[in-house]
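The values are calculated or read from the model by the stated rules, or taken from the named source; none is laboratory data. These numbers were taken from a predicted model, which means no experiment stands behind them. We place every Cβ from the backbone using ideal geometry, glycine too, and count neighbours over all the protein chains shown. SASA here: full protein model, heavy atoms, side chains in, ligands and nucleic acids out. Shrake-Rupley method; radii C 1.70, N 1.55, O 1.52, S 1.80 Å.
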Amino acid sequence: LDQGGTAVVYKAQDLLKEKIVALKVVPKQKDNQTMVDLAKELRLTRLINHPNVAKVYESGQWEDIDFISLEYLEGITLKNHLAGHDKLTIAEGLRLLKQISAGLAAAHLSGIIHLDLKPSNIFITKMDGVRLLDFGTSRRRIAEDQIEEFGDSMTSGTPIYMAPEQF
């Protein structure tokens, strides 16, 4: 279905749940950081219950492969949608922005800071719904001035989409 910097996403059949899922697969890394990130993505995304955030089902390991299973969605990323159009109309932009904002608000109410919001992590379904994807670099606010540490660098995300203060 798609390929990112560290993972490949496949359409797969979950034999136990008897449903089609998106399977995000990452080759095993020597430092085991990949499994930590996938487990974090699962744990943090499960804290958010909102129709504009893609559901994550489980993470695991099979032989030398780390994986996470997610809600299978039919549609297109905002990145691909924008590549096929000159511009969004004002009405279309506002409709998408309203749903993106609602998903982010739900995440923030759960204490989750996405940290990698970009067009390739915003999915537009065939029913014109928006789903936020890829909470793998996210952080969780556990107190007013305290962010949960996960052992990796606090600088996360895609540089061209980062806020200047993240650098």
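Would you mind stating whether VAL53 is closer than 17 Å to LEU117 by Cβ and of a type in the set (Val, Ile, Thr)?
So VAL53 fits the description; yes.
What single numbered condition from (1) among the charged types (D, E, K, R); (2) assigned to a loop (DSSP other than H, G, I, E, B); (3) out of contact with any Ser or Thr (no Cβ under 7 Å at 6 or more places or on another chain) fails to hold for ASP116?
(3)
Among residues belonging to region 26-55 that are buried (at least 17 other Cβ atoms within 10 Å of the Cβ) and assigned to a strand (DSSP E or B), point out the one that is modelled with the lowest pLDDT.
Applying the filter and picking the extreme gives VAL26.
Search region 121-132 for residues being open to solvent by 40 Å² or more (accessible area, probe 1.4 Å) and either small (Gly, Ala, Ser) or touching a strand residue (DSSP E or B) at 6+ places or on another chain (Cβ under 7 Å) (or both), and hand back the single one that is farthest from VAL8 (Cα to Cα).
LYS126
Given the options LEU104, LEU96, LEU44, LEU38, name the one that is touching a residue at least 12 places away in the same chain (Cβ under 8 Å), in contact with a strand residue (DSSP E or B) (Cβ under 9 Å, 6 or more places away or on another chain) and over 15 Å from THR137 (Cα atoms).
Checking each option against the conditions leaves just LEU96.
Looking at (1) open to solvent by 90 Å² or more (accessible area, probe 1.4 Å); (2) more than 28 Å from GLN99 (Cβ to Cβ), find the lone condition where ILE65 falls short.
Unmet condition: (1).
Under the condition of being of a type in the set (Val, Ile, Thr) and open to solvent by 80 Å² or more (accessible area, probe 1.4 Å), which residue from region 71-119 is modelled with the highest pLDDT?
ILE90
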